[in-house]
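What follows is a single structure, written as structure tokens, with notes after it.
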Amino acid sequence: MEVYDRVAKVVAPKKESLAIAEQELSVQMEKLNTKRAELKAVLDKLQSLNDEFDAMTAKKEQLEENIDICSKKLDRAEKLIDGLGGEKDRWSEAARELGQLYDNVTGDVLLSSGIVAYLGAFTVDFRLECVREWHRLCLNKGILCSDPFSLSKTLGQPVTIRNWQIAGLPVDSFSIDNGIILSNSRRWPLLIDPQGQANKWIKNLERPNKLAVIKLSDANYARTLENSIQFGTPVLLENVGEELDPLLEPLLLRQVFKQGGVEYIRLGENVIEYSQDFRFYITTRFRNPHYLPEVSVKVCLVNFMITPTGLEDQLLGILAAREKPELEEKKNELIIESAANKKQLKEIEDKILEVLSAEGNILEDETAIKILSSSKTLSEEIQAKQEVASATEKEIDETRNGYKPVAFHSSILFFCISDLANIEPMYQYSLTWFINLYTQSIANSVKSTDLQERIANLNDHFTLSIYNNVCRSLFEKDKLLFSILLCIGLLKGRGEVEDESWRFLLTGGVALENPHPNPFPSWLSDKSWGEIVRASNLPELKGLMNDFSPEWKTLYDSPTPHETKFPNPWEMKVKGLHRMIVLRCIRPDKIVPAVQNFITDKMGQQYIEPPTFDLAGSFSDSHCCAPLIFVLSPGADPMAGLLKFAEDKGFGGSRCQTISLGQGQGPIAAKMIDQAIAEGTWVVLQNCHLATSWMPKLEKICEEVIIPENTHKEFRLWLTSYPSEDFPVSILQNGVKMTNEPPKGMRANLLRSYLNDPISDKTFFENCNKVCTCICV
């Protein structure tokens, strides 16, 4: 109990203290919990404020980023607006034009398809007539077409066309259309190319692509063709005739088949891999070939005969290059620079369109904006260059066009010459020969500082030069005809002669039933009266039949009606060509002297006096690679004169070998030519018309063996032949042709006698040992 009491006295206060402490603790804990609750509320509020702060900070950063992006977009937009703003007018106009084209595309493509499929073989006039008729039919059927329609605008690419022209394609629209037909046709092209224009163009165009040039006469042409088909390189088959090798049929029909995923074609007995990059061109020298339907349907015939506009531009360029070389050189540089600029401009436009058509917001693409800005800068530089080039080109063209009358005059002469092949197949003249003569005339004609005088000198000199050079290769019967063709051609060019009057002079008009009775049947034939009635329909001869009185009998009875005056008022009313038309109706037997008077009046006396046969002059115009061709006529043998000429030139005896062609003589002649080429001697091949089967071989020799690099300068190849359609055209065009007929008339005989040996040979008199005595009376 004592212990309990003692412990209780100690513990009891402690329990009281504990209770008091616990009570105080409870109060404090309550206060603590209250504070904790207050702290939590504050912390929660702080967390809420922090969260709100973080959100606002993020929003601020996003707004700052948006501000930066907007600033950049604004800057890019300014750049874009600045870059494309200047293009608005041009692109708006282009869009408007494209809208019109979109409406007309059906008719334009229809017409273009028809031209590519059907009209390639025809001349420019017939082609234009067909297109006009087709255009009218389309409009009648409600098919919209561009007016005027243009093939080059529908299918042509300006940059591509300019590249073609740089490669040598003539600049006239007909030649450009030919290039478009050639490039768009699904069939391989066969080009009618008598002047070699297309040949030259294709060689220049495809030279970087390793063009192979072959002929059907080549021994290994099939092997070359196979290699090109496999490797995808272009091939030009030159100088084909009116029939093609059957070996080419699978190629022309594109009989390609797949085997194991690879394309093949059968060529002869060989099956070879076919490359889609392969291109095939065929050319012929014939002016008017007749291809059978089975050939025509396999190829795309394209008529590449030169047009007056194309030739005129070529001749103008040659003349300007000779007269003003610095201007022509600058013009050529401008053409090349302009082509490069247009090509670059097109690439820029394509790049701009590619960027603009990309998905997404263009303002977010910095690279695209840079491309547009640089493209715009480059475009402006090119436009500025183009403006300067256009101004310079205009100045150059004004200077060049001063010589345009010469080019126009000369192009007329060429087409007068090319028409001669319709008279006689041996009358073939190449454009190269013509241009060489043109160049010589520019150099040899009288110079003058006065432009008009210089033009007159050039025209006179070149016309006479052409006349003399062509006349020596014409038969006597055709020389006056050539003179009148020249004269009428030049007068037509000046607008002084109408086609209707010229045709009437040639044909007498179309004979129909004549309702008007012959007023003078006693001396005027019904045929003549019918022609007078038809001639009265010509504007210049209107009323002739009504005024046909007995006074015309004086003209009919006159021995020189071409010099007799017409009854009034027709003497004053009728001049020149129409005077000959009246004479043709009444006295057709005197039309020849009337033609001579007409030519003398319009061109001069020298154009009715053909130059006499001049072997030395023909020889001086030749060179080692140009054959000299005697076109034979009955009763004229040039061999004696040729052998004498050879002896005078130091080529007598063994240095002038002759052979008469015939069966089995071809290989011997080829061996003689090979030997003469190396030694520099002459070879005379007689009677080529008797060896028509060997003529293709001779043509190959002239084109491939007799070339400047391998031929001795003294070498000459002389050929004699009667007129023959089988004589190679290329030899005729590039050779020097001569005819040596017996002269007609006393004057021509005396002139030949004076000019021919021995009188023209000074040694004939110098070698005479007789004493000359002179008796003066």
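The values are calculated or read from the model by the stated rules, or taken from the named source; none is laboratory data. Since the model is a prediction, treat every value here as computed from it, not as a measurement. Because the Cβ atoms are built from the backbone with ideal geometry, glycine has one as well, and the counts that use them run over all protein chains shown.
Looking at the stretch 710-736, which of the residues that are in contact with a strand residue (DSSP E or B) (Cβ under 6 Å, 6 or more places away or on another chain) and modelled with pLDDT of 90 or more is farthest from P696 (Cα to Cα)?
Per the criteria, the residue is R716.
If H516 satisfies every condition in (1) surrounded by 12 or more Cβ atoms within 10 Å (Cβ to Cβ); (2) under 44 Å from the mean Cα position of the chain (by Cα); (3) touching a residue at least 24 places away in the same chain (Cβ under 8 Å) but one, which is the exception?
Every condition holds for H516 apart from (2).
Could you list, in sequence order, the residues of the stretch 257-301 that are under 20 Å from R223 (Cα atoms), touching a residue at least 24 places away in the same chain (Cβ under 8 Å), of a type outside the set (D, E, K, R) and not in a loop (DSSP other than H, G, I, E, B)?
Hits for the stretch 257-301 are I265, L267, N270, I272, F280, Y281, I282, T283.
Would you pick out the residues in the stretch 100-142 that are touching a residue at least 12 places away in the same chain (Cβ under 8 Å) and acidic (D, E)?
Within the stretch 100-142, D103, D108 qualify.
Would you point out the residue of the stretch 612-663, among those that are touching a Gly at 6+ places or on another chain (Cβ under 7 Å) and in contact (Cβ under 8 Å) with a residue 40 or more places away in the chain, that is farthest from K700 (Cα to Cα)?
L615
Search the stretch 288-312 for residues being within 17 Å of the chain's Cα centre (by Cα) and surrounded by fewer than 18 Cβ atoms within 10 Å (Cβ to Cβ), and hand back the single one that is modelled with the lowest pLDDT.
T309
Among the residues of the stretch 690-700, are any farther than 22 Å from E424 by Cβ and touching a residue at least 60 places away in the same chain (Cβ under 8 Å)?
Scanning the stretch 690-700, I find at least one residue that is farther than 22 Å from E424 by Cβ and touching a residue at least 60 places away in the same chain (Cβ under 8 Å), so the answer is yes.
Can you tell me which residues in the stretch 317-333 are under 12 Å from A389 (Cα atoms) and either surrounded by 18 or more Cβ atoms within 10 Å (Cβ to Cβ) or free of Cβ contacts under 8 Å to residues at least 60 places away in the same chain (or both)?
Here is the first cut: in the stretch 317-333, the residues under 12 Å from A389 (Cα atoms) are 330-333.
If the condition is that a residue be under 12 Å from A389 (Cα atoms) and either surrounded by 18 or more Cβ atoms within 10 Å (Cβ to Cβ) or free of Cβ contacts under 8 Å to residues at least 60 places away in the same chain (or both), then K331, N332, E333 are the ones that fit.
Could you pull out the residue among S654, S693 that is modelled with pLDDT of 85 or more, out of contact with any Leu (no Cβ under 7 Å at 6 or more places or on another chain), surrounded by fewer than 16 Cβ atoms within 10 Å (Cβ to Cβ) and farther than 23 Å from I423 by Cα?
S693
Only one of E393, E424, E496 is outside any helix (DSSP H, G or I), over 30 Å from R285 (Cα atoms) and at pLDDT below 90. Can you tell me which? Before you say what the answer is, go through the steps one by one.
Numbers: E393 fails: outside any helix (DSSP H, G or I); E424 fails: over 30 Å from R285 (Cα atoms).
Among E393, E424, E496, only E496 is outside any helix (DSSP H, G or I), over 30 Å from R285 (Cα atoms) and at pLDDT below 90.
Listed residues A222, A198, A167; which is under 30 Å from A340 (Cβ atoms), surrounded by fewer than 22 Cβ atoms within 10 Å (Cβ to Cβ), at pLDDT 85 or above and in contact with a helix residue (DSSP H, G or I) (Cβ under 9 Å, 6 or more places away or on another chain)? I'd like the intermediate steps shown before the answer.
Numbers: A222 fails: under 30 Å from A340 (Cβ atoms); A198 fails: surrounded by fewer than 22 Cβ atoms within 10 Å (Cβ to Cβ).
After ruling out the rest, the residue left standing is A167.
Considering only residues that are part of a loop (DSSP other than H, G, I, E, B) and at pLDDT 90 or above, which ones fall in the stretch 225-253?
G232, T233, P234, L253
Need pairs with beta-carbon distance below 6 Å; first residue free of Cβ contacts under 8 Å to residues at least 60 places away in the same chain and within the stretch 213-224, second of a type in the set (F, W, Y); sequence gap 6+ or separate chains.
Note: pairs meeting the criteria are I214/Y221.
Based on what the data block shows, is K479 farther than 26 Å from E609 by Cα and part of a helix (DSSP H, G or I)?
No.
Taking the stretch 144-164 as the region of interest, how many residues are in a loop (DSSP other than H, G, I, E, B), touching a helix residue (DSSP H, G or I) at 6+ places or on another chain (Cβ under 7 Å) and surrounded by fewer than 16 Cβ atoms within 10 Å (Cβ to Cβ)?
The first filter runs over the stretch 144-164 and keeps only residues in a loop (DSSP other than H, G, I, E, B), leaving 144-150, 156-157.
Applying the additional criterion that residues be touching a helix residue (DSSP H, G or I) at 6+ places or on another chain (Cβ under 7 Å) yields 144-146, 149, 156.
Among the residues that remain, those that are also surrounded by fewer than 16 Cβ atoms within 10 Å (Cβ to Cβ) are: 144.
Summing the residues that are in a loop (DSSP other than H, G, I, E, B), touching a helix residue (DSSP H, G or I) at 6+ places or on another chain (Cβ under 7 Å) and surrounded by fewer than 16 Cβ atoms within 10 Å (Cβ to Cβ) in the stretch 144-164 gives 1.
Working only within the stretch 532-560, note down all residues that are within 18 Å of A594 (Cα to Cα) and in contact with a Pro (Cβ under 9 Å, 6 or more places away or on another chain).
Selection gives W552, T554, L555, T560.
How many residues are more than 23 Å from A421 (Cα to Cα) and either in contact (Cβ under 8 Å) with a residue 60 or more places away in the chain or in a helix (DSSP H, G or I) (or both) if we restrict to the stretch 501-513?
Within the stretch 501-513, residues that are more than 23 Å from A421 (Cα to Cα) and either in contact (Cβ under 8 Å) with a residue 60 or more places away in the chain or in a helix (DSSP H, G or I) (or both) number 2.
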